[in-house]
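Engineer: One structure follows; several queries about it will come next.
Bear in mind these aren't lab numbers, they're just calculated from the coordinates by the rules spelled out. As the structure is a prediction and not an experimental result, all values here were calculated from the model. Every residue, glycine among them, receives a Cβ derived from its backbone with ideal geometry; neighbour counts consider all protein chains shown.
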Amino acid sequence: MSKKVLIVDDDPDVRIFNATVVEENGYTPIEAANGEDGLKVLKKEMPDLVLLDVLMPKQSGIRLYRELKTDKTLLGIPVIILSGIAKRTFLRSQKALTEFGDKPVPEPESYLEKPVEPEDLAKEMKKYLE
Amino acid sequence: MNRDHIITHWNQAMEKLTGHSSPEMVGTNRQWAPFWESERPSMGDLILEQRSDHEIWNLYGGRCKNSEMIEGGYEAEVFFPKLGHGGRWCWFTAAPLKSADGSVIGAIETLLDTTAIKRAQEEQRLRNRELTTLCSIYTALNAPTTLQERIGGAVLEIRDFLGAESVCLYMAEDTGRFDLRYFNACYAEPGYGQAGPAEEPGIIKQVSKTDKPQVHHLGTHDAVNGKTEGPTFAYIPISAKDTQGIGVMRIEKESGLFSAEELHLLDLIGNRIGATIENAMLHDEVMRKSKFQFKLIKSANEGIIATDEKWQTVIFNPAAERIFGYSAQDVLGRKDVRDYLPQLVQETLLSNSEAVLDANESSPWTETEITASTGESIPVRFSGSVLRENKKNMGTVSFFQDLREIKRLERDLLNSERLAAVGQTVAGMAHCIKNILHGFKGGSYLVDVGLDRDNTEKLRTGWAMIQRNITRTSDLVMDLLSYSKEREPEFEVCDPNAIADDVCELLDGVAHDHDVQVVKEFSDAIVPVIMDPRTVHRCLMNLVTNAIDACIFDPGADKVHQVTVVTSREAGEIIRFDVRDNGSGMSQEVKDKLFSSFFSTKGVKGTGLGLLVTSKLVEEHKGSIDVISTEGEGTTFILRFPARLPEADRPG
C-alpha cells in the first residue's frame, strides 16, 4: 500500500495542486480544510507525512503543529510547512507561544514558502517517504 | 576651761552637739574626747599655753585664723568625722579669759554646727557645676558646625564633667540594629574604653525601647565603705519629644558609681542630644525636599512661572525660558510678570485671587497665545493659581505647555502610524499575492499533467484554478486601487432605492445558490437625491456580499438565512441603508479588527480590504458606518450618507 500524505490547507486550489503532486509521485493524498479537522484526520489515519499551511480559519497551522509535536503518538510524523508566511515569522510565533508557557517544540522537518515548484515539493516529500 | 585646762562649763548646746553630758565633762580635761580619736590639745588648750601663732597654724593648718573680733582669739572651721553620724562641720572660736590685771585665767571655746550650711554650699557648688556643664553641652550642641562635630563636642563635655573613661552613642538604624556612631577620642584608642557587659546589645535595645536609663556594674562594690572595683556603665536613652528611641548613650566610669543626680543630668542631656538629632534630621529632610522640588521645577517640561504677592517673578524655569525666550536672569526679581504675561493669563490669575476658591485651586487649562521676547506669537495651554497661606496671598504660579511641541509630537505620531500601516499593508499584500501565485502554479501544473496524460479532467481542473486566480488577482487589484486612490465623490442625481435594488438583484444569484434569501425593505419616502451613486453602489455591494458570506459561514444549519436591505430617510437629508443578516455574527475580537487592512475571516475568499475600502468611501462621502453584531445571531451594518435634494424638489 502506498504511503499516505495528509494535506491541510483552507484553499481548495492548493489542496488540488498538492494532492496532484502527491498522486503523481505515487503516494495517497488525504485532505483537511483547517487545523481542527486536520488533527482529527491525523489521529485517525496516522499518515506518513503532513503538508501543513499556517494561516487558516478555525484552528491555525501554528496551533496544529504544536499539538502534533507535543503528542507522543504523533510527534514522529514528519511535517513540511507550506505557507505564504516566511519561515522566520512562523518560528517567531512558535517562540512567542513557548515564552507564554507552552512546551517548546522542535523546528519543522522542512519549510517551503508559497509559491512552490511541484518538483521542489516532490523532492522534499521523497526525503521522508523513501 | 580654767587655767589648769579643767572644764568648768559645758553648756546644753555642747551636750547636744557632742552627745557628752555636762557632768561627764566638767571637772575633766578630756575636752578633746568628743572630737578626736586620741588626745590632743584643743584650741583653748593652746591659748592657755600661750602658744605661738605658728604652732597653732601647724596644728589646724590653713583653716585657722586670728579672730577679727576678739583680741588674742582664733577662729577655724573644721570637719570632725567623729561627731554625729558621718561627722559634722563646726565653726568655732577660742578666746582667752583674762583677769582685771590682764593675766590669762582660763579660755572659752564656742562652737557652731555649720554642717547644714556647708552641705547647702556644696549642693550649690554641684548645681553650679551641673548648670555650667549643661550650658557647655547645649552650646556644643548648637554650635554652627556639622551634627557629627556638635555631638562630638557634647560627648567630650560629658566625659570631662563625669570624669568618665569613655562616652559613646549607639544610634538606632532602620533595620532595628544599633550603630556606634559618636564617641570620644579615648574610646577609639586601644586600651581605653572597656567592653561593656556581655548582654550590652540587649540592654541597649531595652533602654531605647523603655526610654529609661540603666546602670550596670562590672566588678565589686562594697556598700559599707562605698568603694567599687571595676568599671560601671550607664546607658542613657536618647530621645526627643516626638521621636523616641533615637539611640542610647553609654558612659563608662572606671571606678565609682553614678549618683542619682548624675543620672538625672544624663537623662536631660540624652533628651537634649535627641532634640538636636531630631532637628538635624528635620532640617536635612526640609533641605532634601526643597532640593528635590527645585530639581523638579527645573526639569519640568511645562513652563513654570511663579511670582511673589507684588507680581515680581521668583521662579522662571528652563521650560519657561524656552517658551518665552527670556533667560531667568533677565526676569527674576527684575520683571513684573504683568509686562510679559498675556492679558488673559493675568485676568485668570486676578479672578482667581478674588474668587472665594479653596486654597490653591488651579484654573482649568486654557489655550491662548503668548508673545515671546522675539515678538513671535506662541500657542500655549496654561493653568494658573494664586498661592495662599492662611487666606493671605503669597503670590501666583502659572504653568505653560508649549503647543508647538505638542503639535509636532502629534504630527510625528500620525506619520509613524501611517508608516506602520504601510508596512502592515505591504506584508498583508505579499501574503495575498503569494497565495494567488501558488494557485497559478498549481493550475499550470495540473494543465501540464492533464496534457501529458491526455487527462481532460485534470486539464479542466487546472484551467478552472487559473481562472479563479485571475479573478482573485483582479479583485485584489481593484480593492487596492480604490483603497489607495484619492477619489473625490462625483455627485449626480440618483435614486437610492434603485441603487439598493440593483445590488440585491446582482447578488441574488449567489445568495440563492447558498440557500440565502435576499429581502428588500425600501422606504417610499425616498426620492431621487444628489449623491455619488458609485460610492453607494460599491459600499452596498461589499456589505451585502459580507452579509451573504456570514450566512454561508454560519454553522447554524437549521436557520432560514436572510439578508435584509433596508432604506430609510432621516432628518437633515440623511439617506440610511441597513444591511442586516442572521448569519454567524462577530466576536468582540473580530469587531475590534473590522476596519484594519488585510484582516479577513474568510480565508482565501477575502482580500481583507473590503470593509477598509467601504469605510474609506463612506468617509470621502462625509457619511458614517456603524455596526451592531451578536455572535451567533447576526450582524447589521448601518450606512448614513448626507444627500441634497435636486433644486426643483427643494421646499420653498
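Engineer: Which lysines have a Cα less than 25 Å from the Cα of residue B:559, not counting those fewer than 8 places away in the same chain?
Structural biologist: Once the sequence-local lysines are set aside, what remains near residue B:559 is A:58, B:520, B:591, B:602, B:605.
Engineer: Okay, moving on. Dipole of chain B, Cα-centred, from +1 at each Lys and Arg C-beta and -1 at each Asp and Glu C-beta, to the nearest 20 debye?
Structural biologist: Values: 71 positive and 97 negative charges, 176 e Å.
The calculation lands at about 840 debye.
Engineer: Please compute the contact order of the range B:485-529 in relative form: average sequence separation of alpha-carbon pairs under 8 Å and at least six residues apart, divided by the residue count, as a percent. Could you put the intermediate results ahead of the total?
Structural biologist: On the way: 23 pairs, mean separation 25.8, N = 45.
Here the relative contact order equals 57 percent.
Engineer: Let me ask another. How big is the range B:32-90 on each of its three principal axes, counting only the C-alpha atoms and giving the largest first in Å?
Structural biologist: 34, 22, 17
Engineer: Still on this structure: In cubic angstrom, how much convex hull volume per residue do the alpha carbon atoms of the range B:487-649 span?
Structural biologist: Values: hull volume 18.1 nm³, N = 163.
So the per-residue Cα hull volume is 111 Å³.
Engineer: Take the Cα pairs of the range B:446-583, get the Kirkwood Rh, then feed it into Stokes-Einstein at 4 °C and 1.567 mPa s and tell me D in µm²/s.
Structural biologist: Values: Rh = 17.7 Å.
Rounded, D is 73 µm²/s.
Engineer: Using Cα-Cα distances under 8 Å and only pairs 6 or more residues apart, what relative contact order does the range B:301-397 have, in percent? Numbers along the way, then the final one.
Structural biologist: Details: 169 pairs, mean separation 27.2, N = 97.
The value is 28 percent.
Engineer: A further question on this structure: Calculate the tail of P(r) for the range A:4-121: the fraction of all Cα-Cα distances greater than 16 Å, expressed in %.
Structural biologist: Details: 3905 of 6903 pairs.
Roughly 57 percent, once rounded to a whole number.
Engineer: Please report the spacing between the Cα centers of the range B:40-82 and the range B:503-554 in Å, no decimals.
Structural biologist: 142
Engineer: Over chain B, what lengths in whole Å, largest first, do the semi-axes of the equivalent ellipsoid take, defined as the square roots of 5 times the eigenvalues of the alpha-carbon gyration tensor?
Structural biologist: Values: eigenvalues 2740, 233, 99 Å².
Square roots of five times the eigenvalues give 117, 34, 22 Å.
Engineer: Consider all pairwise Cα distances in the range B:278-348 and report the whole-number % of them above 19 Å. Let's see the in-between values first.
Structural biologist: Details: 1070 of 2485 pairs.
Roughly 43 percent, rounded to a whole number.
Engineer: Cross-link list A:72/A:103; A:40/A:127; A:40/A:123; A:44/A:72; A:40/A:95: which exceed 23 angstrom alpha carbon to alpha carbon?
Structural biologist: Details: A:72/A:103 13 Å; A:40/A:127 25 Å; A:40/A:123 27 Å; A:44/A:72 15 Å; A:40/A:95 25 Å.
In this structure, A:40/A:127; A:40/A:123; A:40/A:95 exceed 23 Å between Cα atoms.
Engineer: How shielded is B:436-448 by partner chains, expressed as the average number of their Cβ atoms within 10 Å of its Cβ atoms? Walk me through the numbers before you get to the answer.
Structural biologist: Details: counts 5, 4, 14, 8, 3, 9, 14, 3, 2, 10, 7, 0, 3.
The per-residue average across the peptide is 6.
Engineer: Quote the Stokes-Einstein diffusion coefficient, in whole µm² s⁻¹, for the range B:121-285, based on the Kirkwood radius over alpha carbon pairs, a temperature of 25 °C and a viscosity of 0.890 mPa s.
Structural biologist: Values: Rh = 16.2 Å.
Value of D from the Cα-based Kirkwood radius: 152 µm²/s.
Engineer: Let me ask another. Please work out the Kirkwood hydrodynamic radius for the range B:1-119, using every pair of different C-alpha atoms, and report it in angstroms with one decimal place.
Structural biologist: Details: mean 1/r = 0.0681 Å⁻¹.
That comes to 14.7 Å for the range B:1-119.
Engineer: Averaging sequence separations of C-alpha pairs under 8 Å and six or more residues apart, then dividing by the length of the range B:256-351, give the relative contact order as a whole percent. Before the final figure, lay out each step's value.
Structural biologist: On the way: 69 pairs, mean separation 15.9, N = 96.
Across the range B:256-351, relative contact order equals 17 percent.
Engineer: Right, another one. Let me have the 222 nm mean residue ellipticity of the protein assembly as shown computed from DSSP H runs of 4+ only, each contributing -39500 (n - 2.57), with the sum over all residues rounded to the nearest 500. Provide the component values of the computation, followed by the final result.
Structural biologist: Working: 23 runs with 340 residues, N = 782.
That calculation yields -14000 deg cm²/dmol at 222 nm.
Engineer: Just round it to a whole percent: the fraction of Cα-Cα distances in the range B:301-397 exceeding 21 Å.
Structural biologist: Percent of Cα pairs beyond 21 Å in the range B:301-397: 27.
Engineer: Quick one: P(r) of the protein assembly as shown from all Cα-Cα pairs, 20 Å bins, percents rounded to integers, in order of increasing distance.
Structural biologist: Values per bin, smallest distances first: 11, 19, 18, 17, 15, 8, 7, 5, 0, 0.
Engineer: Within 10 Å of each candidate Cβ there may be at most 16 other Cβ atoms; applying that plus a DSSP loop requirement, which GluC sites (Glu not before Pro) in the range B:38-68 survive?
Structural biologist: B:39, B:49, B:68
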